[in-house]
Amino acid sequence: MAEQESLLERLARENSVTVDEMRKQLENRIKQGLADPDPEHRSQWEQIPCSGVIPTPEEYLDYVVKKLHDEGCEDLLKRYD
């Protein structure tokens, strides 16, 4: 049985980039969000649970998936099943 592809791997494949490149893109987006000059936007990013100083791409993706499920928007994830 083939190992299931992670969301990060899937995003990389669908965007025709390596997993490392996808990870770097997400890391940059997380850093931009945490540095947003708008306190409301920055606060939303600061709510992402993480084990370190800033969320990892995997922690960010886990948070987004959980949030979509919690808000009843899991249909947006169907293309990643």
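The values are calculated or read from the model by the stated rules, or taken from the named source; none is laboratory data. Treat the numbers as computed from the prediction; the structure is a model and nothing was measured. Every residue, glycine as well, gets a Cβ built from its backbone with ideal geometry; the counts of neighbours run over all protein chains shown. In case anyone asks, the SASA skips ligands and DNA or RNA and just uses the protein heavy atoms, side chains included. Shrake-Rupley method; radii C 1.70, N 1.55, O 1.52, S 1.80 Å.
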If you go through the stretch 6-49, how many residues are among the acidic types (Asp, Glu) and either in contact (Cβ under 8 Å) with a residue 24 or more places away in the chain or more than 17 Å from VAL64 (Cβ to Cβ) (or both)?
5
Residue check, LEU8 modelled with pLDDT under 95, surrounded by 11 or more Cβ atoms within 10 Å (Cβ to Cβ) and in contact with a Lys or Arg (Cβ under 7 Å, 6 or more places away or on another chain):
yes
May I ask you to list the residues in the stretch 14-25 that are polar (S, T, N, Q) and assigned to a loop (DSSP other than H, G, I, E, B)?
ASN15, SER16, THR18
Checked the stretch 26-78 for anything open to solvent by 70 Å² or more (accessible area, probe 1.4 Å) and not in a helix (DSSP H, G or I); matches are ALA35, PRO37, GLN47, PRO49, SER51, VAL53, GLU71
Here is a list of conditions, (1) at pLDDT below 95; (2) within 15 Å of the chain's Cα centre (by Cα); (3) polar (S, T, N, Q), and GLN32 meets all of them except one; can you say which number that is?
(1)
